[in-house]
1. Residues of the stretch 23-53 being over 24 Å from the mean Cα position of the chain (by Cα) and in a loop (DSSP other than H, G, I, E, B), which ones?
2. Among residues belonging to the stretch 54-77 that are part of a loop (DSSP other than H, G, I, E, B) and either among the charged types (D, E, K, R) or modelled with pLDDT of 90 or more (or both), point out the one that is farthest from residue 35 (Cα to Cα).
3. With the requirement that a residue be over 24 Å from residue 64 (Cα atoms) and surrounded by 10 or more Cβ atoms within 10 Å (Cβ to Cβ), what does the stretch 23-47 give you?
Amino acid sequence: MPPFGQTQQQARQPKGRAERGIKMVTPRGTDKAEVINVIETVSLCGSGEPNDPCRIIKQYWSLDGELLAEKDCAEVPTVGRTN
C-alpha cells in the first residue's frame, strides 16, 4: 500500500537526488579568460621506427623562455616540465 496521500504510481517513481540525500555540485564555469602572448614551436620528431614513430610536437613558451606546455600528437598532452 502506498504512503498516505500518494497513488501507487507516485510511490513507484524513483526518487530524485535531493530526496535521496545526494547533494548536487553546481559547476562554476570559467573564473577568468585572457588573451596572452606565448611562443608556439612546432617540431617533427621521431625516427620513423615502430618504437619511435614520426610525429609533430607543439610546445608553448613564455616570452621569458619558460616551457609552459607541450603537446605530442602521439601522447596525452602535458603541462609544464616533466623532467
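The values are calculated or read from the model by the stated rules, or taken from the named source; none is laboratory data. The structure displayed is predicted, hence computed values, not measured ones. Here the Cβ is made from the backbone with ideal geometry for all residues, glycine too, and neighbour counts use every protein chain on show.
1. Residues satisfying the conditions are 46, 47, 48, 50, 51, 53.
2. Across the stretch 54-77, the extreme among qualifying residues is 54.
3. 45, 46
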